[in-house]
1. Relative to the Cα centre, what is the charge dipole magnitude of the stretch 57-171, using +1 at the beta carbon of each Lys and Arg, -1 at the beta carbon of each Asp and Glu, and rounding to the nearest 20 debye?
2. Estimate the FRET efficiency between Asp66 and Arg144 by the formula 1/(1 + (r/R0)^6), using the beta-carbon distance for r and 25 Å for R0, to the nearest 0.05.
3. What FRET efficiency would be calculated for the residue pair Thr47, Val108, taking the C-beta separation as r and a Förster radius of 22 Å, to the nearest 0.05?
4. Can I get the semi-axes of the chain's equivalent ellipsoid? Compute them from the C-alpha gyration tensor as square roots of 5 times the eigenvalues, in angstrom, largest first.
5. Report the charge-dipole magnitude of the stretch 130-259 in Debye, nearest 20, computed about the Cα centre from +1 at each Lys and Arg Cβ and -1 at each Asp and Glu Cβ.
6. If you take the charge dipole of the chain about its Cα centre, with +1 on Lys and Arg Cβ and -1 on Asp and Glu Cβ, which of Leu124, His95, Leu269 is farthest toward its positive end?
7. Can you give the convex hull volume per residue for the Cα atoms of the stretch 189-259, as a whole number of Å³?
8. If one puts a single equal scatterer on every Cα of the stretch 1-120 and applies the Debye formula without solvent, what log₁₀ I(q)/I(0) results at q = 0.09, 0.11, 0.18 Å⁻¹?
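Nothing in this text is a laboratory measurement; each read-out follows from the coordinates by a stated rule. The structure presented is a predicted model; accordingly, all values stated were derived computationally and were not measured. Neighbour counts are summed over all protein chains in view; Cβ atoms, including those assigned to glycine, are modelled from backbone coordinates with ideal geometry.
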Amino acid sequence: MTPFELLEPASLKDAIALIDPDDPTVRPMAGGTALMLMMKAGVFAPTRLISLGKIGDALTRIETKDGALAIGAMTTLSKVEHSADVAKYAPVIVHTMKRLSNVRVRNVATIGGNLAHGDPHMDLPPVLIALGASVRTAATKGGRELMVEDLLTDYYETALERDELIASLRIPAQGKARAAYLKVTTGSADDWPALGVAVSLDMDGDKIKTARVVASAATPMAIRLKGAENVLTGKAVDDKTLKAAGDAACDEAEMVADVRGSAAYKRELLRIYIGRAVRAAQQADAKP
């Protein structure tokens, strides 16, 4: 790696002030698990890194109110995984963490960094989109709130400005909704997925009242599949409905070929896994 300057501000305000929005070689750093790999591979050569590790516990808290969750951006994935509040109010996140990379990465990587990186292969973004989550940001000109589905804009791209940082993640109360996430890997269980599908269902008896369906990894970014959602809404969970939802998902989703499979292969995976994820969400328990 080329030499670089490392700064460790003590507050979020100071961190933002150190970022030069006109210099792409100046970058904030959370856990650094992805950034360090990019630097070692020569993909990114920073002149200055702004470490957020010493900002304090304000960004590492997990708080609840009426079933809603607020998670500081510097909270490690491991802390989220083992949080009793997350397990109670959003158990699908805990289930997802079991196959998200490995424990060494989860002990260092942060939930804010996971989202800000914009990697379409990440397991959490589709789950958070299915849960209707949003982020609160901090920036030179003031922060804003962004839905996670609006935060991710393209392949490794987000809506964040260069001097804008994620401060917290907010997950609304889920009520009686049940959610599930399924990933398809070509390697070990915790490998990068060839496809990820997250589904959240609000049932009215044996019919789906509302549905949120999200695909990732096979697509340029985690995206909601609103055509599939429309097919599912108001319908019972049966083979005919699930097939129609799978077909609708394949019609609207752009597939990306990579070392994990061709676009055609991933399209067929999506067709099948939409139905499996819907059934998994329907049968999900209240606790992990």
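1. That gives the stretch 57-171 a dipole magnitude of about 440 debye.
2. 0.60
3. Efficiency at R0 = 22 Å is approximately 0.40.
4. 33, 21, 16
5. Computed charge dipole of the stretch 130-259: roughly 580 debye.
6. His95
7. 100
8. Results for the stretch 1-120 at q = 0.09, 0.11, 0.18 Å⁻¹ read -0.28, -0.41, -0.98.
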